[in-house]
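Contents: one structure, followed by commentary.
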Amino acid sequence: MKNVQKLFKNKKVLITGHTGFKGAWLSQILLHWGADITGIALKPSTEPNLFDSLNIKNKINNYFIDIRKFKKVKEILLKEKPEIVFI
């Protein structure tokens, strides 16, 4: 497990769907391991939700857009320059 943690430490990671249940947990774990995270997703659709409960919005770079908006996603990728992408 230590090797996996080292893999993500100080890496720029992009996560699509970071506001959902799995994406929020992935964000939280990678934050704990020292990753620099950018998230692309729609705003959470339920209340309460894990994204808000973990206060992830204030810990990562958020982009609340639909991933089908290719031009916007491309702009974000060019700006953030992630080394690892979770789709």
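Read-outs: derived from the displayed coordinates by stated rules, not from any lab. The structure displayed is predicted, hence computed values, not measured ones. Cβ placement follows ideal geometry from the backbone for every residue including glycine, while neighbour counts extend to all protein chains displayed.
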Too-long pairs where the Cα-Cα distance tops 31 Å, listed order kept, from 6/69; 2/72; 11/74; 2/81; 2/74: 6/69; 2/72; 2/74
Between residue 75 and residue 46, what FRET efficiency follows from the Cβ-Cβ distance if R0 is 30 Å, with the result rounded to 0.05? 0.60
Would you work out the charge dipole size for the chain about its Cα centre, treating the Cβ of every Lys and Arg as +1 and the Cβ of every Asp and Glu as -1, and quote it to the nearest 20 debye? 320
Can you bin the chain into rounded, prolate or oblate? Criterion: square roots of the alpha carbon gyration tensor eigenvalues sorted a ≥ b ≥ c, rounded for a/c under 1.5, prolate for a/b above b/c, oblate for the rest. oblate
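Per DSSP helix of 4 or more residues, -39500 (n - 2.57); summed, then divided by the residues of the chain. What does that give at 222 nm, rounded to the nearest 500? All intermediate terms of the calculation are to be shown ahead of the outcome.
Numbers: 4 runs with 34 residues, N = 87.
After summing the helix terms and dividing by residue count, I get -11000 deg cm²/dmol.
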Within the chain, longest stretch clear of exposed trypsin sites (Lys or Arg not before Pro) (DSSP loop, no more than 14 other Cβ within 10 Å): 10-58
Given 42, 87, 29, which one lies farthest toward the positive end of the charge dipole of the chain, if we put +1 on the Cβ of every Lys and Arg and -1 on the Cβ of every Asp and Glu? 87
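Ranking 60, 67 by Cβ neighbours within 10 Å, fewest first, what do you get?
Numbers: 60 19, 67 15.
The fewest-first ordering by Cβ neighbours comes to 67, 60.
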